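Asks: Below is a structure I'd like to ask you about.
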Amino acid sequence: MKGFLEIYFKRPIKRFFHVVQSQTESVKLKSPSRNLKLIAVTGTSGKSTTSSMIFHILKNSGYKTGLISTVEAVAGDKKIDTGLHVTTPDAKQLQQLLRIMVDEGMEYVVIETSSHALAQGRLGLLQLDFAVFTNIKRDHLDWHGTWENYAKAKAGLINKLKSTGKIVLNKDDKQSYDYLRHYYYSLAKSPANFIEYTKNSEVSNIKSSIEGLNFDYQDVKFSVPIIGEYNIENLIAAVKTAELIGISAETAAKALNSFKGVKGRMEVLQTKPFGVIVDFAHNTDSLEKSLQSVRSMNGVKNIISVFGSAGLRDKEKRFTMGEAAAKLSNIVVATSEDPRTESLFEINTKIIEGATQSGAKLVKRFSNHQDYLEYIKDTKNLELSEDKLVFAFDQETVDSRFDAIDFALRIAKEGDIVITQGKGHEQSLCFGTTEYPFTDQEAVGRALAK
């Protein structure tokens with residue numbers, strides 16, 4: 001009954017409230033969106049990076065451009081303090097940010113858009129010039145229930161296109177491409193505004209290293225100082241969008257030479273003697289992609305992956321994340337990623353079950369910080385000669401994640417890669433109902449300093 005009331009009464013009421021709130025604020029602020037060209041980007045993974053790439057290309061090509069993303073809000077060179085903890089701001093705040101964009105003289109605004117924001121009506125009645133889709137994988141099923149419901153929420157972006165608005169789709173993500181293509185044409189939209197991109201047939205001569213990506217697109221050579229071969233899909237989505245605006249591939253390539261990436265998205269903190277990367281991968285698909293990208297880089301020996309799975313979210317992904325990590329990593333370190341009111345021990349148990357299903361062996365579970373300190377006193381425990389090993393840190397405090405990162409850095413050898421996943425740019429860990437200050441970047445720095 002509770003789920004029935006949530007889906008059929010509370011959610012529609014909340015959606016209606018957000019639309020009214022958005023329109024009320026829009027009228028109050030003199031309809032700021034009318035003076036802007038809006039580019040919305042959505043997808044299971046790649047939203048933040050693709051949004052930032054589009055922003056970077058446009059800005060460096062002379063267009064006055066703003067950005068509203070999970071990580072930051074920017075109007076040209078001006079950073080706007082948002083305090084955001086969600087991908088898309090609430091209905092009222094979004095209108096306020098658009099007003100700032102107009103006041104700062106922006107022409108284009110790139111908006112990173114989540115399925116929750118679309119389902120909850122946080123975009124109000126905004127009309128879009130571009131709707132860019134990166135992919136639709138399995139995620140947020142705790143809220144949407146099924147992949148079809150999740151995809152339908154994402155497809156809501158198409159309903160917001162102006163009559164001249166364009167959709168930009170990833171043809172390589174077949175399931176979402178087929179679904180969105182059918183949805184688009186069911187609305188009798190113009191074929192001229194249906195744009196697709198494909199890494200598989202439009203990109204060649206790919207070279208990937210911890211220094212960056214090199215590839216050819218439309219006979220133009222791209223050299224971008226970010227890592228993760230899967231990011232080429234995001235790059236092509238951004239370049240394709242820029243081309244629709246009138247920016248050539250050559251100009252886009254020149255702009256992307258200086259694109260340093262997004263905080264917490266395959267962010268390289270150290271390259272030698274071993275690499276250290278912080279990433280936001282928090283579902284099976286994105287975790288697989290990030291690890292496959294690391295594995296494809298030249299000179300990589302062992303991969304040590306540090307990650308967890310969030311509490312009060314899709315429980316089924318815990319097993320599959322452990323399974324995928326063990327297939328693609330040499331050492332798996334399970335730890336906290338916002339367990340909330342769930343038991344971290346039980347969450348990690350599911351991750352371990354998935355890892356052992358892939359042939360990994362559980363070596364040690366640490367119940368608390370003192371347990372870990374006692375273990376590393378014996379330096380033999382840090383000399384690992386076997387492959388496919390699993391460790392878990394189960395303490396219900398931020399120590400569980402710091403100790404996991406510290407351990408991964410202690411066992412890393414020259415040529416190895418340590419990658420922390422799931423937190424990315426975020427600045428806290430949630431235990432119970434309390435958010436505790438924590439960043440992977442600060443934890444890595446502190447552990448390396450030791």
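Since every read-out is calculated from the coordinates, none of them should be taken as a lab result. All figures in this text were calculated on a predicted structure; none of them were measured in a lab. A quick note on method: Cβ atoms are made from the backbone with ideal geometry, for glycine too, and the neighbour counts reach across all protein chains shown.
Asks: As a footprinting exposure proxy, order 182, 18 by other Cβ within 10 Å, with the fewest listed first. Present the calculation step by step, with values, prior to reporting the outcome.
Replies: Values: 182 10, 18 21.
So the residues, fewest neighbours to most, are 182, 18.
Asks: Let me ask something else about it. Place a +1 charge on the Cβ of each Lys and Arg in region 8-256 and a -1 charge on the Cβ of each Asp and Glu, then give the dipole magnitude about the Cα centre in debye, rounded to the nearest 20.
Replies: Computed charge dipole of region 8-256: roughly 980 debye.
Asks: Please report, in debye to the nearest 20, how large the charge dipole of region 30-176 is about its Cα centre when each Lys and Arg carries +1 at its beta carbon and each Asp and Glu carries -1 there. Don't skip to the end; give the middle numbers.
Replies: On the way: 20 positive and 14 negative charges, 81 e Å.
So the magnitude is around 400 debye.
Asks: Below 19 Å, Cα to Cα, which aspartates and glutamates can residue 79 reach? Residues fewer than 8 away in the same chain don't count.
Replies: Answer for residue 79, where 19 Å is the Cα cut-off: 90, 103, 104, 107, 112, 426, listed by chain and number.
Asks: Also: Could you tell me which residue out of 268, 434, 336 lies farthest along the dipole of region 267-449 toward its positive end? Charges go on the beta carbon: Lys and Arg +1, Asp and Glu -1, centred on the Cα centre.
Replies: Final value for the positive-end residue is 268.
Asks: Tell me what the chain gives for mean residue ellipticity at 222 nm when only DSSP H runs of n ≥ 4 count, each as -39,500 (n - 2.57), the sum divided by the residue total, rounded to 500 deg cm²/dmol.
Replies: Numbers: 17 runs with 183 residues, N = 450.
Result for the chain, helices only: -12000 deg cm²/dmol.
Asks: Just the number, please: percent antiparallel of the DSSP beta bridges in the chain, rounded to the nearest 5. Before the final figure, lay out each step's value.
Replies: Numbers: 23 of 66 bridges.
Antiparallel bridges make up about 35 percent of those DSSP assigns within the chain.
Asks: If you don't mind, another one. Could you work out how much longer the chain between residue 387 and residue 223 gets when fully extended? Use 0.36 nm per residue separation minus the Cα distance between them, nm to one decimal. Spell out each step's value before the answer.
Replies: Values: separation 164, 0.36 × 164 = 59.04 nm, distance 3.42 nm.
Result: 55.6 nm gained on full extension.
Asks: Holding the Cα-Cα limit at 27 Å, pick out from 240/289; 189/315; 160/240; 78/199 the pairs that are longer than that.
Replies: Values: 240/289 22 Å; 189/315 38 Å; 160/240 20 Å; 78/199 33 Å.
Beyond 27 Å between Cα atoms: 189/315; 78/199.
Asks: OK, next. Over region 366-410, what is the relative contact order in whole percent, taking alpha-carbon pairs under 8 Å and six or more residues apart? Display every interim value, and only then the final one.
Replies: Working: 28 pairs, mean separation 21.8, N = 45.
RCO, region 366-410: 48 percent.
Asks: Could you give the dipole magnitude of the chain about its Cα centre, charging the beta-carbon of Lys and Arg +1 and that of Asp and Glu -1, in debye to the nearest 20? All intermediate terms of the calculation are to be shown ahead of the outcome.
Replies: Details: 59 positive and 55 negative charges, 265 e Å.
In debye, rounded to 20, the chain gives about 1280.
Asks: With Kirkwood's inverse mean 1/r over C-alpha pairs for Rh, give me the Rg to Rh ratio of the chain, two decimals please.
Replies: Looking at the chain, the ratio lands at 0.97.
Asks: Which one, 76, 432, 424, has the greatest fluctuation when you compute a Gaussian network model over the chain with C-alpha springs under 10 angstrom?
Replies: Highest fluctuation among the options: 432.
Asks: I would also like to ask the following. D for region 8-256, whole µm²/s, Stokes-Einstein with Kirkwood Rh over alpha-carbon pairs at 20 °C and 1.002 mPa s: what number? Intermediate results must be reported in sequence, preceding the final value.
Replies: Details: Rh = 18.3 Å.
Roughly 117 µm²/s, to the nearest whole number.
Asks: Right, something else. How many percent of all Cα-Cα pairs in region 158-309 sit more than 25 Å apart?
Replies: On the way: 4399 of 11476 pairs.
Summing the P(r) tail past 25 Å for region 158-309 gives 38 percent.
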